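Below: the structure, in structure tokens.
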Amino acid sequence: NCDGQLDEGFQLTTNLQSVSCGATLPSLGSLIYANINFSATGYRFKVVNTATNAIQIINRGQHWFALNMLADYDYATTYTISVELQKAGIWLGYYGSTCDVSSPAILSSAGALQVNPSQCGATLVSIGSVIATTPVSGATGYRFRVTDITVGATGSNLIQVKDRSYHWF
């Protein structure tokens with residue numbers, strides 16, 4: 001780079017692998033891969049929250065990262081991600097094409113934090129039967145809300161809330 005221009009017409013770029021583009025990740029720890037470039041000595045991922053336009057950068061020696069490696073991440077959020085390469089220890093100064101990746105919507109009707117589907121609509125074997133949801137990495141607590149839907153039921157216990165450190169009660 002003798003004239004102040006970067007790689008005139010010969011820019012070295014990469015982007016996310018096509019399997020990640022437009023995908024919803026199964027978990028926040030799911031790996032997001034860039035197409036590998038064998039001359040690269042590093043990968044810089046630019047992650048933009050499409051709802052807030054907040055930008056985060058993560059530098060890696062590997063061609064992958066996960067959203068839970070970022071300082072800030074959310075469920076049910078779409079991120080626009082692009083990749084800058086490092087060559088011989090120098091960041092090239094430009095990114096490849098962008099790609100949208102969504103984090104899991106764990107609170108949706110089919111999300112991970114619903115009661116296990118096999119238990120929905122079922123009659124418990126006993127009052128001590130376990131009711132559970134899928135454990136979520138990084139969760140520090142779970143709140144269960146139980147509603148009595150018995151026809152004609154009255155009283156102060158029609159809706160009960162149970163806070164637990166476990167994914168079951």
Practice problem: Looking only at segment 82-97, decide whether some residue is within 22 Å of the chain's Cα centre (by Cα), over 25 Å from C21 (Cα atoms) and not in a loop (DSSP other than H, G, I, E, B). | Solution: no
Quiz prompt | Test: Y75 is modelled with pLDDT under 95 and touching a Ser or Thr at 6+ places or on another chain (Cβ under 8 Å) | solution = yes
Quiz item: Is segment 35-45 home to any residue that is at pLDDT below 95 and loosely packed, with under 14 Cβ neighbours inside 10 Å?
Solution: yes
Quiz item: Does segment 46-81 hold any residues that are of a type in the set (A, V, I, L, M), over 15 Å from G96 (Cβ atoms) and loosely packed, with under 15 Cβ neighbours inside 10 Å, and which are they?
Solution: A51, A54, I55, A71, A76
Practice problem: Considering (1) farther than 26 Å from V19 by Cβ; (2) modelled with pLDDT of 90 or more; (3) in a loop (DSSP other than H, G, I, E, B), say which one Q62 fails and leave the rest. | Solution: (1)
Quiz prompt | Number of positions in segment 102-143 that are under 19 Å from G29 (Cβ atoms) and either outside any loop (DSSP other than H, G, I, E, B) or among the aromatic types (F, W, Y) (or both) | solution = 3
Quiz item: Counting just the residues of segment 118-169 that are of a type in the set (A, V, I, L, M) and in contact with a strand residue (DSSP E or B) (Cβ under 7 Å, 6 or more places away or on another chain), which one comes out nearest to I106 (Cα to Cα)?
Solution: A132
Quiz item: Is there any pair with a first residue in segment 106-125 that is closer than 25 Å to G138 by Cβ and of a type outside the set (S, T, Y) and a second that is at pLDDT below 85 and not in a loop (DSSP other than H, G, I, E, B) whose Cβ atoms are under 9 Å apart and which are 6 or more apart or on different chains, and what are they?
Solution: A110/P117
Quiz item: Only one residue in W91, W64 is out of contact with any Phe, Trp or Tyr (no Cβ under 7 Å at 6 or more places or on another chain) and farther than 30 Å from F169 by Cβ, so which one is that?
Solution: W91
Quiz item: Name the pairs whose Cβ atoms lie under 6 Å apart, with the first residue in segment 1-22 and over 18 Å from K87 (Cα atoms), the second at pLDDT 80 or above and part of a loop (DSSP other than H, G, I, E, B), and 6 or more positions between them or separate chains?
Solution: Q17/N35
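The values are calculated or read from the model by the stated rules, or taken from the named source; none is laboratory data. Remember, predicted model here, so these are calculated numbers, not experimental data. All Cβ positions, even for glycine, are placed from backbone atoms using ideal geometry, and neighbour counts span all protein chains on display.
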